[in-house]
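Q: Dumping the structure here so I can ask a few things about it.
The values are calculated or read from the model by the stated rules, or taken from the named source; none is laboratory data. None of the values given here were measured: they were computed from a predicted structure. When we count neighbours, we look across all protein chains shown, and the Cβ atoms used for this are built from the backbone with ideal geometry, even at glycine.
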Amino acid sequence: MPLELSDDHKLLRSTVREFAEQEIAPVAEELDRTKSFPYEIVRRLGELDLMGIPFPEEYGGGGGDTLAYALAVEELTRVDSSVAITMCAHTSLGTQPIYLFGSEGQKLELLPSLCRGERLAAFGLTEPEAGSDAGNTQTRATLEDGGWVINGSKQFITNAGTDISALVTITAVTGAEREISNIIVPNGTPGYEPGEPYRKMGWNASDTRPLSFADCRVPEANLVGQRGAGLRQFFHVLDIGRIGVAAMGVGLAQGAFDQALVYAKERRAFGRPISQFQAIQGKLADMSTEIEATRLLVYDAARLKDAGRNFTLTAAQAKLKSGRLAVEVADAAVQIHGGYGYIEEYPVCRFYRDAKILTIGEGTDEVQQMVIARALGA
(Lines give C-alpha, C1' and ligand atoms only; values in the text may rest on other atoms or scores of the structure.)
Protein backbone atom coordinates (compact mmCIF):
# COMPACT_ATOMS: atom_id res chain seq x y z
CA MET A 1 0.00 0.00 0.00
CA PRO A 2 1.28 3.52 -0.71
CA LEU A 3 2.58 5.47 2.28
CA GLU A 4 1.60 8.90 0.96
CA LEU A 5 -1.11 10.56 3.03
CA SER A 6 -4.33 11.61 1.35
CA ASP A 7 -5.32 15.26 1.17
CA ASP A 8 -7.92 14.66 3.89
CA HIS A 9 -5.31 13.13 6.17
CA LYS A 10 -2.91 16.00 5.53
CA LEU A 11 -5.63 18.53 6.32
CA LEU A 12 -6.51 16.76 9.56
CA ARG A 13 -2.87 16.61 10.60
CA SER A 14 -2.31 20.31 9.94
CA THR A 15 -5.54 21.23 11.76
CA VAL A 16 -4.62 19.26 14.89
CA ARG A 17 -1.04 20.54 14.79
CA GLU A 18 -2.22 24.14 14.64
CA PHE A 19 -4.67 23.57 17.48
CA ALA A 20 -2.03 21.87 19.63
CA GLU A 21 0.55 24.58 19.07
CA GLN A 22 -1.81 27.51 19.54
CA GLU A 23 -4.17 26.29 22.28
CA ILE A 24 -2.41 23.49 24.17
CA ALA A 25 1.28 24.46 24.14
CA PRO A 26 0.75 27.79 26.00
CA VAL A 27 -0.96 26.05 28.96
CA ALA A 28 0.68 22.60 28.99
CA GLU A 29 3.30 23.44 31.62
CA GLU A 30 0.73 25.01 33.95
CA LEU A 31 -1.69 22.10 33.58
CA ASP A 32 1.10 19.67 34.41
CA ARG A 33 2.40 21.71 37.34
CA THR A 34 -1.02 22.25 38.89
CA LYS A 35 -2.29 18.76 37.96
CA SER A 36 -5.39 20.37 36.44
CA PHE A 37 -7.66 18.40 34.14
CA PRO A 38 -7.91 20.18 30.74
CA TYR A 39 -11.69 20.67 30.62
CA GLU A 40 -11.59 23.58 28.18
CA ILE A 41 -9.25 21.76 25.82
CA VAL A 42 -11.46 18.66 25.85
CA ARG A 43 -14.43 20.87 25.02
CA ARG A 44 -12.57 22.34 22.07
CA LEU A 45 -11.50 18.87 20.90
CA GLY A 46 -15.17 17.95 20.85
CA GLU A 47 -16.05 21.03 18.85
CA LEU A 48 -13.40 20.04 16.30
CA ASP A 49 -14.91 16.53 16.01
CA LEU A 50 -11.72 14.96 17.36
CA MET A 51 -13.23 12.98 20.25
CA GLY A 52 -14.99 10.49 18.00
CA ILE A 53 -12.81 10.35 14.89
CA PRO A 54 -13.10 6.62 14.03
CA PHE A 55 -16.84 6.24 14.64
CA PRO A 56 -19.64 6.55 12.05
CA GLU A 57 -21.39 9.86 11.59
CA GLU A 58 -24.74 8.18 12.28
CA TYR A 59 -23.66 7.89 15.94
CA GLY A 60 -22.22 11.39 16.10
CA GLY A 61 -18.68 10.36 15.19
CA GLY A 62 -16.27 11.89 12.73
CA GLY A 63 -16.52 9.11 10.16
CA GLY A 64 -12.74 8.89 9.91
CA ASP A 65 -10.44 5.90 9.72
CA THR A 66 -7.80 4.52 12.06
CA LEU A 67 -4.99 6.35 10.29
CA ALA A 68 -6.78 9.67 10.82
CA TYR A 69 -7.14 8.84 14.50
CA ALA A 70 -3.43 7.92 14.79
CA LEU A 71 -2.43 11.18 13.11
CA ALA A 72 -4.50 13.22 15.55
CA VAL A 73 -3.10 11.37 18.56
CA GLU A 74 0.44 11.85 17.31
CA GLU A 75 0.02 15.59 16.82
CA LEU A 76 -1.50 16.10 20.26
CA THR A 77 1.29 14.14 21.92
CA ARG A 78 3.94 16.24 20.18
CA VAL A 79 2.80 18.99 22.53
CA ASP A 80 1.21 17.33 25.58
CA SER A 81 0.73 13.70 26.57
CA SER A 82 -1.95 14.37 29.19
CA VAL A 83 -4.33 15.79 26.61
CA ALA A 84 -3.47 12.99 24.17
CA ILE A 85 -4.11 10.16 26.64
CA THR A 86 -7.40 11.75 27.66
CA MET A 87 -8.59 11.57 24.05
CA CYS A 88 -6.91 8.22 23.42
CA ALA A 89 -8.34 6.41 26.45
CA HIS A 90 -11.77 7.91 25.84
CA THR A 91 -11.80 6.79 22.20
CA SER A 92 -9.95 3.46 22.19
CA LEU A 93 -10.88 2.06 25.59
CA GLY A 94 -13.98 3.93 26.70
CA THR A 95 -16.08 4.35 23.56
CA GLN A 96 -14.77 1.56 21.35
CA PRO A 97 -16.26 -1.39 23.34
CA ILE A 98 -19.74 0.16 23.17
CA TYR A 99 -19.43 0.74 19.42
CA LEU A 100 -18.00 -2.71 18.67
CA PHE A 101 -20.07 -4.88 20.99
CA GLY A 102 -22.92 -2.81 22.40
CA SER A 103 -26.55 -3.19 21.45
CA GLU A 104 -28.10 -0.76 19.01
CA GLY A 105 -29.96 0.81 21.92
CA GLN A 106 -26.73 1.31 23.86
CA LYS A 107 -25.07 2.88 20.83
CA LEU A 108 -27.92 5.28 20.11
CA GLU A 109 -28.17 6.32 23.74
CA LEU A 110 -24.49 6.68 24.61
CA LEU A 111 -22.35 7.25 21.53
CA PRO A 112 -23.55 10.71 20.39
CA SER A 113 -22.53 12.56 23.57
CA LEU A 114 -19.31 10.52 23.82
CA CYS A 115 -18.32 11.21 20.21
CA ARG A 116 -18.97 14.92 20.69
CA GLY A 117 -16.73 14.94 23.76
CA GLU A 118 -19.54 16.23 25.97
CA ARG A 119 -19.02 13.22 28.24
CA LEU A 120 -16.05 10.91 28.79
CA ALA A 121 -15.97 7.12 28.87
CA ALA A 122 -13.54 4.84 30.70
CA PHE A 123 -12.72 1.15 30.71
CA GLY A 124 -11.98 -0.78 33.89
CA LEU A 125 -9.89 -3.92 33.52
CA THR A 126 -6.84 -3.57 35.76
CA GLU A 127 -7.07 -4.72 39.38
CA PRO A 128 -4.50 -5.30 42.13
CA GLU A 129 -4.22 -8.94 40.99
CA ALA A 130 -5.27 -8.56 37.35
CA GLY A 131 -3.21 -6.40 35.05
CA SER A 132 -1.11 -8.32 32.57
CA ASP A 133 -2.90 -11.40 33.92
CA ALA A 134 -6.29 -10.15 32.76
CA GLY A 135 -7.96 -13.51 33.29
CA ASN A 136 -7.44 -13.21 37.05
CA THR A 137 -10.26 -10.67 37.41
CA GLN A 138 -11.65 -10.68 40.96
CA THR A 139 -14.51 -8.19 40.58
CA ARG A 140 -17.80 -10.10 40.52
CA ALA A 141 -21.23 -9.30 39.12
CA THR A 142 -24.16 -11.43 40.24
CA LEU A 143 -27.50 -11.40 38.43
CA GLU A 144 -30.25 -10.71 40.95
CA ASP A 145 -33.85 -9.63 40.25
CA GLY A 146 -33.13 -8.31 36.76
CA GLY A 147 -29.95 -6.46 37.64
CA TRP A 148 -26.23 -6.98 38.09
CA VAL A 149 -24.90 -6.53 41.63
CA ILE A 150 -21.22 -5.66 41.39
CA ASN A 151 -18.55 -5.96 44.07
CA GLY A 152 -14.84 -5.38 43.59
CA SER A 153 -12.27 -2.78 42.64
CA LYS A 154 -10.25 -1.47 39.72
CA GLN A 155 -7.04 0.54 39.58
CA PHE A 156 -5.12 2.81 37.19
CA ILE A 157 -8.34 3.82 35.38
CA THR A 158 -8.28 6.86 33.09
CA ASN A 159 -11.17 9.34 32.67
CA ALA A 160 -13.46 7.84 35.33
CA GLY A 161 -13.51 10.65 37.88
CA THR A 162 -13.89 13.96 36.07
CA ASP A 163 -16.95 16.20 36.20
CA ILE A 164 -17.82 15.09 32.65
CA SER A 165 -17.21 11.36 33.10
CA ALA A 166 -20.26 9.43 31.94
CA LEU A 167 -19.51 5.77 32.54
CA VAL A 168 -17.00 3.01 32.93
CA THR A 169 -17.28 -0.37 31.23
CA ILE A 170 -15.76 -2.98 33.51
CA THR A 171 -14.74 -6.60 33.29
CA ALA A 172 -16.36 -8.76 35.97
CA VAL A 173 -16.76 -12.44 36.72
CA THR A 174 -20.41 -13.21 35.97
CA GLY A 175 -20.48 -16.99 36.48
CA ALA A 176 -18.50 -20.13 37.15
CA GLU A 177 -15.47 -21.33 35.17
CA ARG A 178 -14.02 -17.81 35.14
CA GLU A 179 -16.84 -16.50 32.98
CA ILE A 180 -15.92 -12.84 32.43
CA SER A 181 -18.27 -10.25 30.92
CA ASN A 182 -18.25 -6.51 30.25
CA ILE A 183 -20.82 -4.33 32.01
CA ILE A 184 -21.54 -0.61 31.73
CA VAL A 185 -21.64 1.27 35.04
CA PRO A 186 -22.83 4.90 34.77
CA ASN A 187 -21.20 7.51 36.97
CA GLY A 188 -23.37 8.33 39.96
CA THR A 189 -24.63 4.77 40.38
CA PRO A 190 -24.99 4.03 44.12
CA GLY A 191 -22.19 1.77 45.30
CA TYR A 192 -19.77 2.92 42.60
CA GLU A 193 -17.09 5.26 43.96
CA PRO A 194 -14.14 6.69 42.03
CA GLY A 195 -11.22 7.07 44.43
CA GLU A 196 -8.77 9.94 44.82
CA PRO A 197 -6.45 10.63 41.86
CA TYR A 198 -3.04 8.99 41.95
CA ARG A 199 0.14 11.01 42.41
CA LYS A 200 1.99 10.08 39.23
CA MET A 201 5.39 10.50 37.64
CA GLY A 202 3.83 11.95 34.52
CA TRP A 203 0.54 12.52 32.69
CA ASN A 204 -0.23 14.88 35.56
CA ALA A 205 -3.11 16.65 33.82
CA SER A 206 -4.94 13.42 33.00
CA ASP A 207 -7.41 11.72 35.33
CA THR A 208 -6.17 8.39 36.73
CA ARG A 209 -7.63 6.82 39.86
CA PRO A 210 -8.87 3.60 41.52
CA LEU A 211 -12.54 2.58 41.46
CA SER A 212 -14.54 0.62 44.02
CA PHE A 213 -17.86 -1.22 43.74
CA ALA A 214 -19.87 -2.21 46.81
CA ASP A 215 -23.26 -3.80 46.10
CA CYS A 216 -23.44 -1.58 43.03
CA ARG A 217 -26.58 -2.42 41.04
CA VAL A 218 -27.08 -1.75 37.33
CA PRO A 219 -29.78 -3.08 34.96
CA GLU A 220 -29.27 -6.45 33.29
CA ALA A 221 -29.39 -4.62 29.95
CA ASN A 222 -26.06 -2.93 30.80
CA LEU A 223 -24.27 -6.10 29.73
CA VAL A 224 -22.08 -5.34 26.69
CA GLY A 225 -22.46 -8.01 24.00
CA GLN A 226 -22.59 -11.67 24.94
CA ARG A 227 -22.30 -12.86 28.49
CA GLY A 228 -18.92 -14.52 29.00
CA ALA A 229 -17.30 -12.77 26.02
CA GLY A 230 -15.58 -10.10 28.10
CA LEU A 231 -11.97 -11.17 27.64
CA ARG A 232 -12.34 -11.80 23.91
CA GLN A 233 -13.90 -8.36 23.53
CA PHE A 234 -11.22 -6.72 25.62
CA PHE A 235 -8.32 -8.30 23.75
CA HIS A 236 -9.74 -7.04 20.47
CA VAL A 237 -10.14 -3.55 21.94
CA LEU A 238 -6.54 -3.71 23.17
CA ASP A 239 -5.30 -4.54 19.66
CA ILE A 240 -6.99 -1.37 18.41
CA GLY A 241 -5.86 0.68 21.38
CA ARG A 242 -2.23 -0.25 20.80
CA ILE A 243 -2.27 1.71 17.56
CA GLY A 244 -3.31 4.83 19.44
CA VAL A 245 -0.71 4.38 22.18
CA ALA A 246 1.94 3.64 19.55
CA ALA A 247 1.02 6.94 17.90
CA MET A 248 1.54 8.59 21.28
CA GLY A 249 5.06 7.16 21.41
CA VAL A 250 5.90 8.59 18.01
CA GLY A 251 4.34 11.93 18.90
CA LEU A 252 6.23 12.24 22.18
CA ALA A 253 9.51 11.30 20.49
CA GLN A 254 8.87 13.87 17.75
CA GLY A 255 8.04 16.57 20.28
CA ALA A 256 11.18 15.87 22.31
CA PHE A 257 13.27 15.84 19.13
CA ASP A 258 11.79 19.16 18.01
CA GLN A 259 12.74 20.74 21.32
CA ALA A 260 16.25 19.28 21.20
CA LEU A 261 16.88 20.47 17.65
CA VAL A 262 15.80 24.04 18.39
CA TYR A 263 17.87 24.14 21.57
CA ALA A 264 20.95 22.69 19.86
CA LYS A 265 20.82 25.42 17.21
CA GLU A 266 20.46 28.19 19.80
CA ARG A 267 22.81 26.99 22.55
CA ARG A 268 26.40 28.09 21.99
CA ALA A 269 29.52 26.53 23.46
CA PHE A 270 33.17 27.13 22.58
CA GLY A 271 32.11 29.88 20.20
CA ARG A 272 29.53 28.05 18.07
CA PRO A 273 26.09 26.37 18.29
CA ILE A 274 26.30 22.91 19.83
CA SER A 275 24.39 21.58 16.79
CA GLN A 276 27.69 21.94 14.89
CA PHE A 277 29.46 19.43 17.13
CA GLN A 278 29.66 15.90 15.77
CA ALA A 279 28.51 14.31 19.04
CA ILE A 280 25.27 16.30 18.99
CA GLN A 281 24.77 15.78 15.26
CA GLY A 282 25.03 12.03 15.76
CA LYS A 283 22.33 12.08 18.43
CA LEU A 284 20.01 14.19 16.28
CA ALA A 285 20.56 12.02 13.20
CA ASP A 286 19.80 8.80 15.09
CA MET A 287 16.72 10.29 16.75
CA SER A 288 15.31 11.53 13.45
CA THR A 289 15.90 8.21 11.68
CA GLU A 290 14.34 6.08 14.41
CA ILE A 291 11.29 8.36 14.65
CA GLU A 292 10.60 8.17 10.94
CA ALA A 293 11.00 4.39 10.84
CA THR A 294 8.69 3.92 13.82
CA ARG A 295 6.13 6.32 12.38
CA LEU A 296 5.87 4.17 9.25
CA LEU A 297 5.34 1.06 11.41
CA VAL A 298 2.48 2.77 13.27
CA TYR A 299 0.88 3.96 10.03
CA ASP A 300 1.19 0.45 8.61
CA ALA A 301 -0.70 -0.99 11.59
CA ALA A 302 -3.45 1.60 11.08
CA ARG A 303 -3.68 0.87 7.36
CA LEU A 304 -3.87 -2.89 7.95
CA LYS A 305 -6.81 -2.36 10.29
CA ASP A 306 -8.54 0.00 7.88
CA ALA A 307 -8.09 -2.58 5.09
CA GLY A 308 -9.81 -5.23 7.20
CA ARG A 309 -6.63 -7.30 7.48
CA ASN A 310 -5.08 -8.89 10.59
CA PHE A 311 -3.18 -6.15 12.42
CA THR A 312 -2.47 -7.79 15.79
CA LEU A 313 1.20 -8.45 15.09
CA THR A 314 1.95 -5.06 13.57
CA ALA A 315 0.09 -3.15 16.29
CA ALA A 316 2.03 -4.97 19.02
CA GLN A 317 5.32 -4.35 17.19
CA ALA A 318 4.47 -0.67 16.78
CA LYS A 319 3.52 -0.30 20.42
CA LEU A 320 6.68 -2.07 21.62
CA LYS A 321 8.96 -0.05 19.36
CA SER A 322 7.35 3.33 19.90
CA GLY A 323 7.26 3.09 23.69
CA ARG A 324 10.94 2.29 23.86
CA LEU A 325 11.69 5.00 21.32
CA ALA A 326 9.83 7.62 23.36
CA VAL A 327 11.96 6.82 26.41
CA GLU A 328 15.20 6.83 24.40
CA VAL A 329 14.51 10.07 22.54
CA ALA A 330 13.26 11.89 25.64
CA ASP A 331 16.45 10.85 27.42
CA ALA A 332 18.62 12.05 24.54
CA ALA A 333 16.71 15.34 24.35
CA VAL A 334 17.32 16.00 28.04
CA GLN A 335 21.01 15.17 27.55
CA ILE A 336 21.29 17.68 24.70
CA HIS A 337 19.71 20.32 26.94
CA GLY A 338 22.25 19.56 29.67
CA GLY A 339 21.33 21.01 33.05
CA TYR A 340 18.41 22.92 31.56
CA GLY A 341 16.82 19.62 30.59
CA TYR A 342 16.43 18.90 34.30
CA ILE A 343 14.48 22.12 34.86
CA GLU A 344 10.68 21.97 34.74
CA GLU A 345 10.33 25.14 32.67
CA TYR A 346 11.74 23.26 29.68
CA PRO A 347 9.20 20.91 27.98
CA VAL A 348 11.73 18.08 27.61
CA CYS A 349 11.63 17.60 31.38
CA ARG A 350 7.88 16.91 31.14
CA PHE A 351 8.37 14.72 28.07
CA TYR A 352 10.96 12.67 29.98
CA ARG A 353 8.53 12.03 32.83
CA ASP A 354 5.64 11.28 30.49
CA ALA A 355 7.56 8.81 28.34
CA LYS A 356 8.05 5.89 30.72
CA ILE A 357 4.39 4.92 31.02
CA LEU A 358 4.36 4.19 27.28
CA THR A 359 6.37 1.03 27.99
CA ILE A 360 3.82 -0.04 30.63
CA GLY A 361 0.27 1.10 29.78
CA GLU A 362 -1.93 -0.71 27.24
CA GLY A 363 0.17 -3.82 27.87
CA THR A 364 3.76 -3.80 29.12
CA ASP A 365 6.72 -4.37 26.80
CA GLU A 366 6.84 -7.92 28.09
CA VAL A 367 3.20 -8.48 27.14
CA GLN A 368 3.88 -7.06 23.67
CA GLN A 369 6.72 -9.53 23.28
CA MET A 370 4.35 -12.36 24.19
CA VAL A 371 1.76 -11.14 21.68
CA ILE A 372 4.38 -10.80 18.95
CA ALA A 373 5.87 -14.23 19.62
CA ARG A 374 2.43 -15.82 19.59
CA ALA A 375 1.56 -14.11 16.30
CA LEU A 376 4.81 -15.40 14.83
CA GLY A 377 3.90 -18.92 15.86
CA ALA A 378 6.83 -19.15 18.25
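Q: Could you say whether any residue in region 57-74 is within 16 Å of Ile240 (Cα to Cα), touching a residue at least 60 places away in the same chain (Cβ under 8 Å) and touching a strand residue (DSSP E or B) at 6+ places or on another chain (Cβ under 8 Å)?
A: Step one: filter region 57-74 for residues within 16 Å of Ile240 (Cα to Cα), giving 64-74.
The next check asks that each one be touching a residue at least 60 places away in the same chain (Cβ under 8 Å); those that pass are 65-74.
Restricting the remaining residues to those that are touching a strand residue (DSSP E or B) at 6+ places or on another chain (Cβ under 8 Å) gives none.
No: zero hits.
Q: For the subset of region 304-355 comprising residues that are touching a residue at least 12 places away in the same chain (Cβ under 8 Å) and assigned to a loop (DSSP other than H, G, I, E, B), which member is surrounded by the fewest Cβ atoms within 10 Å (Cβ to Cβ)?
A: The qualifying residue surrounded by the fewest Cβ atoms within 10 Å (Cβ to Cβ) is Glu345.
Q: If the requirement is being in contact (Cβ under 8 Å) with a residue 40 or more places away in the chain, within 22 Å of the chain's Cα centre (by Cα) and buried (at least 19 other Cβ atoms within 10 Å of the Cβ), which of these qualifies: Ile291, Ile280?
A: Ile291
Q: Take the conditions in contact (Cβ under 8 Å) with a residue 60 or more places away in the chain, part of a helix (DSSP H, G or I), surrounded by fewer than 17 Cβ atoms within 10 Å (Cβ to Cβ) and not β-branched (Val, Ile, Thr) and apply them to Leu358. Does it pass?
A: Details: in contact (Cβ under 8 Å) with a residue 60 or more places away in the chain: yes; part of a helix (DSSP H, G or I): yes; surrounded by fewer than 17 Cβ atoms within 10 Å (Cβ to Cβ): no; not β-branched (Val, Ile, Thr): yes.
It is false that Leu358 is in contact (Cβ under 8 Å) with a residue 60 or more places away in the chain, part of a helix (DSSP H, G or I), surrounded by fewer than 17 Cβ atoms within 10 Å (Cβ to Cβ) and not β-branched (Val, Ile, Thr).
Q: Of everything in region 270-298, what is over 20 Å from Val245 (Cα atoms) and either of a type in the set (Lys, Arg) or not assigned by TED's automatic domain parsing to the domain that holds Val250 (or both)? Give them in sequence order.
A: Arg272, Lys283
Q: Within region 1-18, count every residue that is assigned to a helix (DSSP H, G or I) and in contact (Cβ under 8 Å) with a residue 40 or more places away in the chain.
A: Filtering region 1-18 for residues assigned to a helix (DSSP H, G or I) gives 7-18.
Imposing the further condition that a residue be in contact (Cβ under 8 Å) with a residue 40 or more places away in the chain reduces the set to 8-9, 12-13, 16-17.
Qualifying residue count, region 1-18: 6.
Q: Please go through region 92-133 and give me each residue that is in contact with a strand residue (DSSP E or B) (Cβ under 6 Å, 6 or more places away or on another chain), part of a loop (DSSP other than H, G, I, E, B) and at pLDDT 95 or above, ordered by number.
A: Gly102, Arg119
Q: Do any strands (runs of 3 or more DSSP E) entirely within region 176-251 hold 3 or more residues that are among the hydrophobic types (A, V, I, L, M, F, W, C), and if so, which?
A: On the way: elements: 180-186, 192-194, 208-219.
Correct list: 180-186, 208-219.
Q: Can you find, within region 198-233, the residue that is farthest from Asn151 (Cα to Cα) among those that are in contact with a strand residue (DSSP E or B) (Cβ under 6 Å, 6 or more places away or on another chain) and aromatic (Phe, Trp, Tyr)?
A: Residue satisfying both the conditions and the ranking: Tyr198.
Q: Kindly provide the set of residues from region 160-175 that are in contact (Cβ under 8 Å) with a residue 40 or more places away in the chain and in a strand (DSSP E or B), ordered by number. If you could, list the steps in order and put the result at the bottom.
A: Restricting attention to region 160-175, the residues satisfying the condition of being in contact (Cβ under 8 Å) with a residue 40 or more places away in the chain are 160-172, 174-175.
Correct list: Ser165, Ala166, Leu167, Val168, Thr169, Ile170, Thr171, Ala172.
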